[in-house]
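*Asks:* Mind looking over this structure? Questions follow.
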Amino acid sequence: MLIRERRGWELREGEATPETVFRDRRRILQSMGFGALIATAGLPGELALAAAPAADPSAGLYPAKRNDRYALDRPITPENLATTYNNFYEFGSQKTISDEAQALPIRPWTVTIDGMVEKPFQIAIDDLLKRVTLEERLYRHRCVEAWSMAVPWTGFPMKALVDMAKPLSSATYVRMETFLDPKVAPGEKQFWYPWPYLEGVTMAEATNELAFLVTGMYGKPVPRQDGAPLRLALPWKYGFKSIKSLVKFTFTDKRPVGFWQKLQGNEYGFWANVNPAVPHPRWSQATERVLGSDERRPTLIYNGYGEYVASIYKDLQNEPLFM
Ligand code: MTE
């Protein structure tokens, strides 16, 4: 991604704080009698721990039934790795933002649907959850930085949200926005980034069966660092398209320019479909580092999901589909 310091993917694996270590630090401090202090004032420097975030009111909806149509070719990534090795620039450009992300309030949370629709509306996340059927899907997740995970997401097809929105026939794209609140997300004070985080897809992509709006992960509500309470998973595209903590869906006839595309359009494009044969200008995409193992695997075109999505692109061969 955009490099100002050491690149995120250059972090050694050991520099990510696994969830178990984090929990252990908390347990040890509590047993030393620091519990009240942790809860009220926090602790300085290395010992600082955030107060426990409020419980998620949607917890009772999980685990949801698994949809076996989406099978993996590799083991599921351990939960403590997938939830502590993150890209969420709102909370910092390093991978270890899971503690900081606990500051994000996820209730009340309102989602706005506007633009070229029959009637714009807003809906509270818990009302949205009542209108959809949740299912679990196992998806591969391939970051443009050439690492990958395999994640049990819970959520609902994006098509269900498109149907709810009743777009006009003139709408050709969906533009999506992350929350904007620099008070809780210190990264959003960094003026050189074009906040809020923004992404876009075509209507054909939004309604493809793989496009999945995620509300849960590992049989529980999705944690804040992974994009609570609502994020996207587009498993055939590089991970930066899978926008987190969504507050707005705008139906439009203008192609949205995403956060990374705005910053560095020659490296991060609109389509960003995974392709091992098209290198990033600064590194190869031929293989990927499988998080949680020593394995490097050959990357697959469309991240292995070509049978579902290749037909979307058959008449678009002059577009830069793979950057
Ligand atoms: N969404 C927002 N709002 N902010 C981000 O920084 N990073 C993207 C994507 N969505 C990002 C985002 C990138 S680069 C990746 S690889 C995935 O989120 C990472 O998702 P994960 O942390 O759940 O693995």
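*Asks:* Sort Leu134, Leu61 from largest to smallest accessible area, using a 1.4 Å probe on the heavy atoms of the protein chains. Can you show the working numbers first?
*Replies:* Working: Leu134 30, Leu61 80 Å².
I get Leu61, Leu134, largest accessible area first.
*Asks:* While we're looking at this one, here's another question. Which residues' amide hydrogens lie under 5 Å from the amide hydrogen of Val117, considering only partners 5 or more residues apart or on another chain, with H built in the peptide plane?
*Replies:* Leu168
*Asks:* Rounded, prolate or oblate, given the Cα gyration tensor of the stretch 56-313, with a/c below 1.5 counting as rounded? Numbers along the way, then the final one.
*Replies:* Values: a/c = 1.21, a/b = 1.16, b/c = 1.04.
The shape class here is rounded.
*Asks:* Hey, what do the phi angles of the stretch 147-155 turn into as Karplus ³J(HN,Hα) couplings, whole Hz, using 6.51/-1.76/1.60 and θ = phi - 60°, x for Gly and Pro?
*Replies:* So the J values, rounded to whole Hz, are 10, 9, 9, 10, 10, x, 7, 10, x.
*Asks:* Let me ask another. Which whole-angstrom value gives the distance between the alpha carbon centres of the stretch 240-256 and the stretch 177-237?
*Replies:* For the stretch 240-256 versus the stretch 177-237, the Cα centre distance is 9 Å.
*Asks:* Among residues other than Ala286 whose Cβ falls under 15 Å from its Cβ, what is the net charge (Lys/Arg +1, Asp/Glu -1)?
*Replies:* +2
*Asks:* Where Lys and Arg each count +1 and Asp and Glu each count -1, what net charge lies around Ala124 among other residues with Cβ under 15 Å from its Cβ?
*Replies:* Overall, the nearby charge balance is +1.
*Asks:* Defining a contact as two alpha carbons under 8 Å apart and six or more residues distant in sequence, what relative contact order in percent does the stretch 49-187 show?
*Replies:* Contact order relative to length: 29 percent.
*Asks:* Then there is this: Given bins 5 angstrom wide, list per bin the percent of all Cα-Cα distances in the stretch 183-279, short to long.
*Replies:* The calculated distribution, bin by bin, is 2, 11, 20, 24, 21, 14, 7, 1, 0.
*Asks:* Quick check of the Kirkwood formula: for the stretch 141-240, what is the inverse mean of 1/r over all pairs of different Cα atoms, in Å?
*Replies:* 15.0 Å
*Asks:* Also: Run the numbers on the stretch 56-313 and let me know its relative contact order in percent, using alpha-carbon pairs under 8 Å that are six or more apart.
*Replies:* Numbers: 553 pairs, mean separation 57.3, N = 258.
It rounds to 22 percent for the stretch 56-313.
The values are calculated or read from the model by the stated rules, or taken from the named source; none is laboratory data. All values reported here derive from a predicted model rather than from experimental measurement. All Cβ positions, glycine included, derive from the backbone under ideal geometry; neighbour counts span all protein chains shown. Heads up: the accessible areas ignore ligands, DNA and RNA and are worked out on the full protein's heavy atoms, side chains in. Shrake-Rupley method; radii C 1.70, N 1.55, O 1.52, S 1.80 Å.
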